[in-house]
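The values are calculated or read from the model by the stated rules, or taken from the named source; none is laboratory data. Computed from a prediction, not measured in an experiment: that's the story for all the values here. Here the Cβ positions follow ideal geometry from the backbone for every residue, glycine too, while neighbour counts run over all protein chains shown. Side chains included, ligands, DNA and RNA excluded: accessible areas come from the protein's heavy atoms. Shrake-Rupley method; radii C 1.70, N 1.55, O 1.52, S 1.80 Å.
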Amino acid sequence: MRTAYSVETVRTAERELMARLPDGALMQRAAAGLAAACADLLGRVYGRRIVLLVGSGDNGGDALYAGARLARRGAGVTAVPLAPDRTHPGGLAALRRAGGAVVRPADAGDLIDRADLVVDGIVGIGGTGGLRPDAAPLAERAAASRAAVVAVDLPSGVEADTGEVRGAAVRADLTVTFGAHKPGLLIDPAREYAGTVRLVDIGLDLPATPELQALQHADVARLLPLPAGESDKYRRGVVGIAAGSARYPGAAVLAVSGALRGGAGAVRYVGPAGQTVIARFPETLVSDRGPHKAGRVQAWVVGPGAGDDAATVAEVMATDVPVLIDADGLRLADRDAVRARTAPTLMTPHAGEAAALLGVTREEVEGARLSSVRELAARYGATVLLKGSTTLVAAPDGGPVRANPTGTPWLATAGSGDVLSGLAGSLLAAGLSARDAGSVAAYLHGLAGRFAADGAPAGAHDVAEMIPEAWRDVRDA
């Protein structure tokens with residue numbers, strides 16, 4: 001599992017480690033890892049032209065010491081200090097001893113244009129509010145050049161703890177981060193600026209509980225519900241789908257399609273689209289008598305394509321089994337009723353729906369995804385899966401938020417969320433917790449989206465059909 005830690009946690013661990021090491025040893029470890037990553041990216045170091053954009057913090061020192069190592073291997077390295085009177089003195093001296101040059105920012109433009117590599121050591125992990133006016137033009141010049149851009153620890157201008165980008169920021173091809181991932185490296189919009197992320201182990205002793213987690217194949221494989229020899233369809237779990245309407249029958253079909261591939265033993269459908277559902281999926285158990293008379297279920301999915309059917313949403317909410325609320329159900333569900341539930345609740349809004357629930361704009365949610373998902377979970381007393389470019393899952397009692405690492409922009413298509421809801425609901429019925437069901441469903445759904453698209457447009461039904469392939473890929477890894 002990939003984990004990420006806050007700036008405060010990382011700095012505490014760094015101070016504890018530095019107290020046990022010779023002076024400057026930790027920076028040398030970071031610089032060695034940074035230089036190795038730059039060399040790997042370049043392929044050949046000798047004769048390459050490298051520009052270091054150097055701020056006043058320790059990551060400026062990391063950049064200078066790494067530049068000195070590369071200069072000793074035959075690269076032409078030039079440092080551009082943005083705060084000459086506060087530039088790391090030891091790093092600057094090391095670069096000069098290795099044959100590196102130093103120029104003023106006003107003289108750096110042509111060097112950046114001709115560079116093979118630009119190293120961003122402008123602002124460290126404590127930076128807030130975007131790049132300052134003196135640094136922003138250099139970042140823009142680097143982005144417009146042919147040079148590869150490597151960020152030290154975090155792209156300058158993005159916020160490490162939140163993933164927010166509140167102004168100009170460096171766009172890196174590679175980010176070399178030290179000791180631990182920072183949340184901003186795993187969450188959009190900051191993640192988009194980081195490029196490929198390479199973690200350098202510098203020996204930090206970090207706490208067991210991180211701020212953020214990202215599941216990997218092995219983690220998902222351990223959570224997948226698998227039938228045993230004595231299993232029958234009821235022991236594997238039955239998921240109820242209360243979705244669709246005369247106007248949106250397809251939402252019911254797509255939610256059922258996701259549920260049938262999610263590990264539960266049976267799917268019960270309740271709603272006005274029963275004939276459409278049974279025609280497409282004859283294995284579905286269809287009822288038109290409402291949720292309370294549908295038969296036994298271990299979890300419910302309510303809301304996709306429901307229109308204004310508040311009565312069905314309220315009826316499902318009153319049950320004592322786990323409930324997933326999506327789409328129209330999010331608008332129709334009473335917040336106090338959600339908070340009063342004793343069984344788990346999983347809410348799956350996209351940014352627009354989350355914004356409406358929080359009373360803010362969609363742009364605010366998309367710009368501050370981590371704080372938004374945490375606030376929504378706390379406000380409703382429910383686990384929240386916030387869909388989007390970075391899907392996040394937050395539990396109501398705090399703890400690490402999970403960031404989903406799979407997916408593709410092609411998943412931004414009508415009905416994709418309905419498939420995800422059915423899939424997650426099936427995992428709830430099979431016995432996973434709301435947090436695990438949301439996380440595993442997002443992972444499989446994102447992977448299925450990649451397989452379905454394969455570089456071309458794909459519909460929601462294509463995504464549903466690739467869920468078994470994603471399941472097998474996870475299990476066989």
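Brief remarks follow.
- Rolling a 1.4 Å probe across the protein heavy atoms gives the chain an accessible surface of 41 Å² per residue.
- Shape box of region 327-441 [Cα atoms, principal axes, largest first, Å]: 36, 32, 28
- Simple Cβ-charge dipole of the chain, Lys/Arg +1 and Asp/Glu -1, about Cα centre, in debye nearest 20: 780
- Relative contact order of the chain, defined on C-alpha pairs under 8 angstrom at six or more residues apart (%): 13
- Computed P(r) (all Cα pairs; region 221-295; 10 Å bins; percent): 21, 49, 24, 7, 0
- Exposed GluC sites (Glu not before Pro) absent - longest run of the chain, DSSP non-H/G/I/E/B, at most 10 other C-beta within 10 Å: 1-229
- Calculated P(r) of region 110-199 - Cα pairs past 17 Å, %: 39
- Phi to ³J(HN,Hα) by Karplus 6.51 cos²θ - 1.76 cosθ + 1.60 over region 455-468, Hz, x for Gly, Pro: x, 9, x, 9, x, 4, 5, 5, 4, 4, 5, 8, 4, x
- From the alpha carbon centroid of region 300-373 to that of region 65-95 is 53 Å.
- When the charge dipole of region 172-266 is built from unit charges on Cβ atoms (+1 for Lys and Arg, -1 for Asp and Glu) and taken about the Cα centre, the candidate among Ala252, Gly203, Leu226 whose Cα reaches farthest toward its positive end is Ala252.
- Per-selection Kirkwood Rh - region 359-423 (Cα, Å, 1 d.p.): 12.6
- Cα-only Debye scattering, region 321-384: base-10 log of I(q)/I(0) at q = 0.16, 0.21 Å⁻¹: -0.46, -0.78
- Loop-exposed chymotrypsin sites (Phe, Trp or Tyr not before Pro) per DSSP, neighbour cap 14 Cβ within 10 angstrom, longest uninterrupted part of the chain: 235-477
- Kirkwood Rh (inverse of mean 1/r, distinct Cα pairs), the chain, angstrom: 23.9
- When you restrict to C-alpha pairs under 8 Å that are six or more residues apart and normalise by the size of region 1-86, the relative contact order lands at 29 percent.
- Two-decimal log10 I(q)/I(0) for region 290-332, as the Debye equation yields it once each C-alpha is a single scatterer, q = 0.14 Å⁻¹: -0.26
- Calculated diffusion of region 48-166, Stokes-Einstein form, Kirkwood radius summed over Cα pairs, 37 °C and 0.692 mPa s, µm²/s: 237
- For region 430-477, the spread of Cα positions along the three principal axes, ordered from largest to smallest, is 34, 22, 14 Å.
- Take every pair of alpha-carbon atoms less than 8 Å apart whose residues are at least six positions apart; their mean separation over the length of region 135-198 yields a relative contact order of 34 percent.
- Shown here for region 143-243: trypsin sites (Lys or Arg not before Pro) in loop regions (DSSP other than H, G, I, E, B) with at most 16 other Cβ atoms within 10 Å, namely Arg146, Arg166, Lys233, Arg235.
- Ordering Met18, Ala160, Ala94 by Cα displacement along the dipole of region 13-161 toward the positive end leaves Ala94 in first place; charges were set at the Cβ atoms of Lys, Arg (+1) and Asp, Glu (-1).
- Annotation: average projected area of region 91-157 is 4.9 square nanometres, based on the convex hull of Cα atoms across all directions.
- Base-10 log of normalised Debye intensity for region 21-118 (one unit scatterer per alpha-carbon) at q = 0.11 Å⁻¹: -0.27
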